[in-house]
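Notes for the one structure printed next.
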Amino acid sequence: MDSVIEISSLCKTYATGFKALENVDLAIHKGEIFALLGPNGAGKTTLISIICGIVTPTSGRVTVNGHDILRDYRMTRSQIGLVPQELTTDVFETVWAAASFSRGLFGKSQNPAHIEKVLKSLSLWDRKDSRIQTLSGGMKRRLLIAKALAHEPQVLFLDEPTAGVDVELRRDMWNLVRELSASGVTIILTTHYIEEAEEMADRVGVINRGKLVLVEEKKELMRKLGGKHLRIVLEKPLNKLPVALSRFDLKLSDKGNEIVFSYDARSDNHPIEKLLSALKKEKIGFADIETSQSTLEEIFVGLVGRRK
């Protein structure tokens, strides 16, 4: 698969001595949606800022479509759209003027049809003549995305794009992300809403303390690390679990009416059958059973926690 962004041995140490990134290696593929997850201060924004040419790396190399971000800055930056966390824009401009001006910054010729398409896709067309100061916070967030898309970038960075926005806008934005990805645009997003990454991403990268902990296909990551859980609703509450059940990874609810069994779905030892047999032997009846799998958030918390 073709890589749009290639990152090798990337390091960033600030003047204070703080190491924001340490030997990061990463390849991001054309047209994929890549979710970069990590706690506050992990290095997510620094990594994005380096790729976008905002921050200079201490060492290492980054290329965009084969062009070095330092030697070919104008070329690489013209291929990238960035939606920052902060709502920063000229409040006295109109929506149309802001998007059009952003396109011109990258040396692109005027294309009113493209600007119209972008504004319509973000439900901003009816406000195209409105001054930015009159827009709501959600509308301003939409405008940031419109400005990032105005010059038709091949790569789009979304840095916490849905922080503080309403549910309707979040849904609209993710629909747009899917459409962009389908058209061949590469999407890299950071988010604190891990359920969004779970729903949207093709691959997931986890960064912690400046180091890339892992990069994995989302489905494969959840298959490898997402344990299964079996919830058993008991017919009669228990005060405590019998000693004979101690060999199983069980948790008894506070009320004693439910047991949660955590197990590896890949095991060939048929753990559920063995547990049910043990329950029958102990004469413990149950009224209901349901299974679930670990969420991406649980996997993420576990990964970061193990590396502290």
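Dipole of the chain computed with +1 at Lys/Arg Cβ and -1 at Asp/Glu Cβ about the Cα centre; of Ala35, Gly285, Ser183, farthest Cα towards the positive end is Gly285.
Helices in the chain, meaning DSSP H runs of at least 4 residues, each add -39500 (n - 2.57). Divided by all residues, the mean residue ellipticity at 222 nm is -9500 deg cm²/dmol.
Would you be so kind as to identify which of Asn208, Val55, Asn65 lies farthest towards the positive end of the dipole of segment 3-223, taking Lys and Arg as +1 and Asp and Glu as -1 on Cβ and the Cα centre as origin? Checking the options against the dipole of segment 3-223, the answer is Val55.
Whole-Hz Karplus values for segment 210-218 come out as x, 10, 7, 6, 7, 9, 8, 4, 4 Hz, taken residue by residue from phi with 6.51 cos²θ - 1.76 cosθ + 1.60 and θ = phi - 60°; glycine and proline positions read x.
Loop-located chymotrypsin sites (Phe, Trp or Tyr not before Pro) in segment 29-135 (DSSP state other than H, G, I, E, B) with a sparse environment of at most 15 neighbouring Cβ atoms within 10 Å: Phe92.
This model, with +1 at the C-beta of Lys and Arg and -1 at the C-beta of Asp and Glu, gives the chain a dipole about its Cα centre of some 580 debye.
Label sites at Gln133 and Asp288, each approximated as a point 7 angstrom past Cα along Cα to Cβ, lie 5.7 nm apart.
Each label was represented as a point 7 Å from its Cα along the Cα-to-Cβ direction; for Ile54 and Asp68 these points are 2.4 nm apart. DSSP beta bridges fully contained in the chain are about 70 percent antiparallel. Arranged from fewest to most other beta-carbon atoms within 10 Å of their beta carbon, His67, His151 become His67, His151.
Suppose every K and R has +1 on its Cβ and every D and E has -1 on its Cβ; what is the size of the dipole of segment 51-128 about the Cα centre, in Debye to the nearest 20?
240 debye
The distance linking segment 44-89 with segment 102-134 is 23 Å (Cα centroid to Cα centroid, whole angstrom). Pull up all non-local amide H partners of Glu32: gap of 5 or more, or a different chain, and H-to-H distance under 5 Å with H placed in the peptide plane. When sequence neighbours closer than 5 places are left aside, the close amide H contacts are Ile187.
If we count every other residue with Cβ under 13 angstrom of Ala97's Cβ, Lys/Arg +1 and Asp/Glu -1, where does the sum land?
On the way: positive: Arg103, Arg127, Lys128, Arg131, Lys147; negative: Asp90, Glu93, Asp129.
For residues surrounding Ala97, the net value is +2.
A straight Cα-to-Cα reach below 25 Å connects Lys274 with the lysines Lys224, Lys228, Lys236, Lys240, Lys251, Lys255, Lys283, residues fewer than 8 places away in its own chain not being considered. Using the Karplus relation 6.51 cos²θ - 1.76 cosθ + 1.60 with θ = phi - 60°, the per-residue 3J(HN,Hα) values for segment 11-19 come to 10, 9, 10, 7, 4, 6, x, 6, 8 Hz, with x marking Gly and Pro. Listed by chain and number, the lysines placed with their C-alpha closer than 26 angstrom to that of Lys128 are Lys108, Lys117, Lys120, Lys140, Lys147; residues fewer than eight positions away on the same chain are left out.
Of the options (1) 138; (2) 151; (3) 178, only one is volume of the Cα convex hull per residue in Å³ as computed from these coordinates, and that is (3).
A short reminder: the numbers here are calculations on the coordinates, not readings from a lab. Fair warning: this is a prediction, and the values are worked out from it, not measured in the lab. All Cβ positions, even for glycine, are placed from backbone atoms using ideal geometry, and neighbour counts span all protein chains on display.
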